[in-house]
């Protein structure tokens, strides 16, 4: 049974119009996600793009996914990226405790299903990819998991590791012994079933002391989706950043995100919509990784670390791209530079911020053709 979107709580007017009155927002998006023929047009455009680092990226993905204990089907799908006709359906999310909200699982399932359907319709290799937002520093958003307990009450489990520093990327947080207590508490909240013992045995294997927080998430995710072939991409892995160094350069030198978002935001507001991502005219769409993940601010010809006060020349920063981290506004550009993305599966908030990106895509490359899907 389909639930009318007007009955769903928390949807912005922009998201509601996207889902049911697309003609009102079509100027902010590349295509109507409900029209299958549009995917064929997008596929032709995406396949025409040259990605010179594909083989190196395949090797990196194999290494990452083996670290996450993936199965043979995932490895086979990674190899299929080497096909010049291959396409990707992408999604992503912060790496929440014990896989985070159910919403994260639904996004992955939708991505897998859409990839299967488009492969059938387009007669091309279409692969599902999950972008691990593992370099994010907002630990408060990922340190907990909610559960309806055996008394039908909502409860949450919160994990607070020892030694965590402010604005530390999640990928740098290492699970300590207290994670065992959290798993035990989680188990105690749920009724006994024929599945429970095996599920919690697997969960404990993934969430072991000494394991990075995001690695535990990825291993659990691969366990949940074993057999579906979903590819995980660890965005905290500095080895990929040299492939998008030119994106970082254009952003630091030309201040693209601020200029483009200011223009598109004016259009959105004039049509009665909100702007999901705030924009600051002097802050680029990149963080600096220096004793945490911190914003940069332009000061004349220099860029200042807003945490430490250190000043940097843009060219000096670009010599070490591994020390730069894309913000949410720049992440789609990075993702589509790396992968032949034909569609992105997002939630209501992501639909809203994708509407802000139309001019950004034009500035960075006319070859990017991505569509947001719920």
### All positions within the range 297-322 that are touching a residue at least 40 places away in the same chain (Cβ under 8 Å), in contact with a strand residue (DSSP E or B) (Cβ under 7 Å, 6 or more places away or on another chain) and not in a loop (DSSP other than H, G, I, E, B)
303, 314, 317
### Message
Can you find a residue that is modelled with pLDDT under 95 and crowded, with 21+ Cβ neighbours inside 10 Å anywhere in the range 269-279?
### Response
yes
### Task
Answer with yes or no whether residue 87 is within 22 Å of residue 340 (Cα to Cα), in contact (Cβ under 8 Å) with a residue 60 or more places away in the chain, more than 13 Å from the chain's Cα centre (by Cα) and in the same structural domain as residue 168 (by TED's automatic domain parsing).
yes
### Task
Find all pairs meeting these conditions: Cβ atoms under 8 angstrom apart; at least six residues apart or on different chains; first residue within the range 174-199 and not assigned by TED's automatic domain parsing to the domain that holds residue 98 and at pLDDT 95 or above; second residue surrounded by 15 or more Cβ atoms within 10 Å (Cβ to Cβ) and part of a helix (DSSP H, G or I).
none
### Summary
Scanning the range 119-161 for residues that are crowded, with 21+ Cβ neighbours inside 10 Å and under 24 Å from residue 85 (Cα atoms) gives 126, 127, 128, 129, 130, 131
### Task
Kindly check whether there is at least one residue in the range 139-148 that is touching a strand residue (DSSP E or B) at 6+ places or on another chain (Cβ under 9 Å), part of a loop (DSSP other than H, G, I, E, B) and modelled with pLDDT under 95.
no
### Summary
When the range 47-66 is checked residue by residue, the ones that are in contact (Cβ under 8 Å) with a residue 12 or more places away in the chain and part of a loop (DSSP other than H, G, I, E, B) are 48, 49, 51, 53
### Query
Of the residues 40, 44, 69, which single one is surrounded by fewer than 21 Cβ atoms within 10 Å (Cβ to Cβ) and not in a helix (DSSP H, G or I)?
69
### Message
I'm checking my understanding of the structure. Among residues of the range 317-347 that are surrounded by fewer than 19 Cβ atoms within 10 Å (Cβ to Cβ) and over 13 Å from the mean Cα position of the chain (by Cα), which one is nearest to residue 137 (Cα to Cα)?
### Response
323
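The values are calculated or read from the model by the stated rules, or taken from the named source; none is laboratory data. Predicted, not measured: the structure shown is a model, and the values here were computed from it. Cβ coordinates were reconstructed from backbone atoms using ideal geometry, including for glycine residues, and neighbour counts include every protein chain displayed.
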